[in-house]
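What follows is a short report on a single structure.
The values are calculated or read from the model by the stated rules, or taken from the named source; none is laboratory data. Given the structure is predicted, the values throughout are model-derived calculations rather than measurements. No Cβ is skipped: glycine too gets one built from the backbone with ideal geometry, and neighbour counts run over all protein chains shown. Keep in mind that these areas ignore ligands, DNA and RNA; they rest on the heavy atoms of the full protein, side chains included. Shrake-Rupley method; radii C 1.70, N 1.55, O 1.52, S 1.80 Å.
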Amino acid sequence: MGEYMKKKYFAGILTIIACSAALFGCAETGDLSTSGKGQQTQEEEIVSLGLTPEFNYDVPVNLPDIIVDQVGYAENSNKIAVFRGEMLPDTYELIDAETEEIVYTGTVKEKGYNEATGENISYGDFTEFKTPGTYYLQTEIIGQSYPFVIDENPYAGIFEAALKLFYYNRCGLTLSLDMAGDAAHNACHTKLAVLKEDASVQLDVSGGWHIDENGTRNVTDACQAVNTLLLAYELYGEVFTDDIGIPESGNGITDLMDEVKYEIEWLLKMQDAASGAVYASVGSIENSGSAYQLYVEAVTMDATIQFAASMAKFSYLYQNYDREFATICLKAADRAYRYTGQYLDDVTPEAYFYAAAELYRATGAVQYRNTVHQYLTGEKELNMDNDYVFWGSVVYMSTKQQVDVNLCETVMKKLLSDGEQISYDSKKSKYFTEGNKEQDNNCELLRKMVRLAVVDHVITNHEYMMVLENHLHYFLGRNSLCISYIDDVGSRIFAQVDERMGIMKQMGHDAELIVLLSAVQADLRTVEESRQEGLKES
């Protein structure tokens, strides 16, 4: 740099400094006297500010703008990625993650603005690419996606893990290291419990599934999970096996039914032998003398009527495996139902209807049928958002007992109408679900997928199955926040954001996830069978 240019350079810097000082008021220092008194005042003012610079801030997470199912896609199913951004290239590339070679080039198709998340959305459809492997997508402008696989059935491991979570939460049983891994533990909460309202009464309430880290077991939560798991078994029994790796595996009974039976055996212990009423829950408190004390909460009508329904449902489905045990459960259900009949003011009509529907299917007794018909004829419009109404309606439609054809038609129309609405609302969303901006309505989405699975089972609609699969993609990362909500799978797992966001953390939601996974497993199985049949014919 020449001497003249150096002088201009430093003069420019001095000019900038001078302007900055004037702009931010540094030149306005008040009295500029250099006397001792003035000097001291100025120093005191500066010291009194007491400001210490802090540089604490959250580094923003750099999320990909090519959004995929972070587990992957089945070979013969739809494969769609979401691209977001206002300026996107015309094409994208599918890259083999091992060789880094381009194996497919697709077109980016604009879909428009997504009101729910405030994003411009486009799609890439690579359904026609079916070669198994590990891949990622990339474009010139917005970079890469998370990696994913293409496989015959990429969700089989998740399906098994969701089922096995119930085993991991077993109480009162030693879980071996070879079967439970990190969840292994010695038998817990095996002491006799005391009745909270009368400590002189001791009860054996060992067993069941924990619902939290304190070993709490709750009857209504248990019944909700049992009902949903048994619904999955009724709809898609063919996808459940006897080899997921629990103590009962290999006994000739599907592991799902074995797991439910473990919970049923605990539920039987929660019924009062004298009255047929059912205690609400089991909890524990720390006791310095004996480590902990178990206590049983008092009888509730809610626990009792739900117990009646779940026991009847289990007895009906389990009779082909063990008729004697199924009969024990059916008698327990009847006793609980009769007990609640004395306190109908404390029982919701919907829950009473559902229990009656299950008992009618299991027994054919006229008193149960009358209760079912009375409820169905008294409702102007059935509210399928209510679990009891939904379960009871499905049971009434599927019973082999005598039914009112007109009532069945009313129930069927309502189920189909609700299923069509769920499908329509999901398909019009740019992420193919009704997920909201905060993505905190996953429980609602799961419940809707249970409803849609039932409707799809009734009429076998390809569009409904696509909606079900799209929700699984959503839960596995194809969402605006790029979060996988399922334990231990995906590049960006919910635990990295908020541990409470996982949909497998509560057994009721895990059971609903199993219904969704069962539907997808059954569909993949059907597709593969059709493909094999086609190969034979060719």
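For the range 79-121, the equivalent ellipsoid derived from the Cα gyration tensor has semi-axes of 25, 11, 8 Å, listed largest first. Here the dipole of the chain is about 840 debye; that uses its Cα centre as origin and unit charges on the Cβ of Lys and Arg (positive) and Asp and Glu (negative). For the range 307-370, what class follows from the C-alpha gyration tensor (a ≥ b ≥ c being the square roots of its eigenvalues): rounded when a/c is under 1.5, otherwise prolate if a/b is larger than b/c, else oblate? Taking the square roots of the gyration eigenvalues as a ≥ b ≥ c, the range 307-370 is prolate.
Accessible area ranking (1.4 Å probe, heavy atoms, ligands and nucleic acids excluded), largest first, for Thr190, Thr254: Thr190, Thr254.
Projecting label points 7 angstrom from Cα along Cα→Cβ for Tyr343 and Ala274 puts them 1.5 nm apart. Round to the nearest 0.05 the FRET efficiency obtained for Asp96 and Asp488 when R0 = 41 Å and r is the Cβ-Cβ distance. Efficiency for this residue pair is about 0.95.
Stretching the chain fully between Gln138 and Lys380 yields a gain of 81.8 nm (0.36 nm per residue, less the alpha carbon separation).
Taking 8 Å as the Cα distance limit and 6 or more residues as the minimum spacing, I'd like the relative contact order of the range 58-148 as a percentage. 38 percent. Modelled label positions at Gln319 and Lys109, each set 7 Å beyond Cα in the direction of Cβ, lie 5.1 nm from each other.
Considering only protein heavy atoms and a probe of 1.4 Å, how much of the accessible area of the chain is carbon and sulfur, as a whole percent? Summing carbon and sulfur atoms, their accessible area is 50 percent of the total for the chain.
The convex hull around the C-alpha trace of the chain, projected and averaged over every direction, spans 43.0 square nanometres. For the chain, the relative contact order works out to 13 percent when only alpha carbon pairs closer than 8 Å and six or more residues apart are counted.
Once Rh for the range 259-363 is found with the Kirkwood sum over Cα pairs, what is the Stokes-Einstein diffusion coefficient at 25 °C and 0.890 mPa s, in µm²/s?
For these conditions, the coefficient is 171 µm²/s.
Farthest towards the positive end of the charge dipole of the range 191-238, among the residues Asn227, Trp209, Leu195, is the Cα of Leu195, using unit charges on the Cβ of Lys, Arg, Asp and Glu. Straightening the chain between Ala199 and Glu463 buys 89.3 nm, computed as 0.36 nm per residue apart minus the Cα-Cα spacing.
The string of couplings for the range 510-516 from the Karplus curve (6.51, -1.76, 1.60, θ = phi - 60°) is 4, 5, 5, 4, 5, 4, 4 Hz, one whole number per residue in order, with x for Gly and Pro.
For the range 200-282, the Cα-based Rg and Dmax, in that order, read 14.4, 48 Å. Computed packing ranks the peptides 454-461, 229-236, 73-80 as 229-236, 73-80, 454-461, most packed first, by mean other Cβ atoms within 10 Å.
Just to confirm, what accessible area per residue do you get for the chain at 1.4 Å probe, in whole Å²?
50 Å²
Only lysines eight or more places from Lys437 in sequence, or on another chain, were considered; those with a Cα closer than 19 Å are Lys111, Lys427, Lys428, Lys448. Work out the FRET efficiency for Asp243 and Ala183 from their Cβ-Cβ distance, taking R0 = 25 Å, and round it to the nearest 0.05. It comes to 0.85. Here the Karplus curve 6.51 cos²θ - 1.76 cosθ + 1.60, taken at θ = phi - 60°, turns the phi angles of the range 443-456 into couplings of 5, 5, 5, 4, 4, 5, 5, 5, 4, 5, 4, 5, 4, 4 Hz, with x standing for Gly and Pro.
Rounded to the nearest 10 square angstrom, Arg84 shows an accessible area of 20 square angstrom against a 1.4 Å probe.
The stretch between Thr190 and Ala365 holds 59.1 nm of extra length on full extension. This uses 0.36 nm per residue minus the Cα-Cα distance.
Work through the residues other than Gly85 whose Cβ is under 11 Å from its Cβ and net out their charges, Lys, Arg +1 and Asp, Glu -1. After counting each charged neighbour, the total is -3. Remark on Val108: its backbone amide H falls under 5 Å from those of Thr91, Tyr92, a criterion applied only to residues 5 or more positions apart or on other chains, H modelled at 1.01 Å from N.
Computed from backbone phi with θ = phi - 60° and the Karplus coefficients 6.51, -1.76 and 1.60, the 3J(HN,Hα) list for the range 190-198 is 9, 5, 5, 9, 10, 6, 4, 8, 7 Hz; x is used for glycine and proline.
Approximating the spin labels as points 7 Å out from Cα along Cα→Cβ, the Asn62-to-Asp440 distance works out to 2.9 nm.
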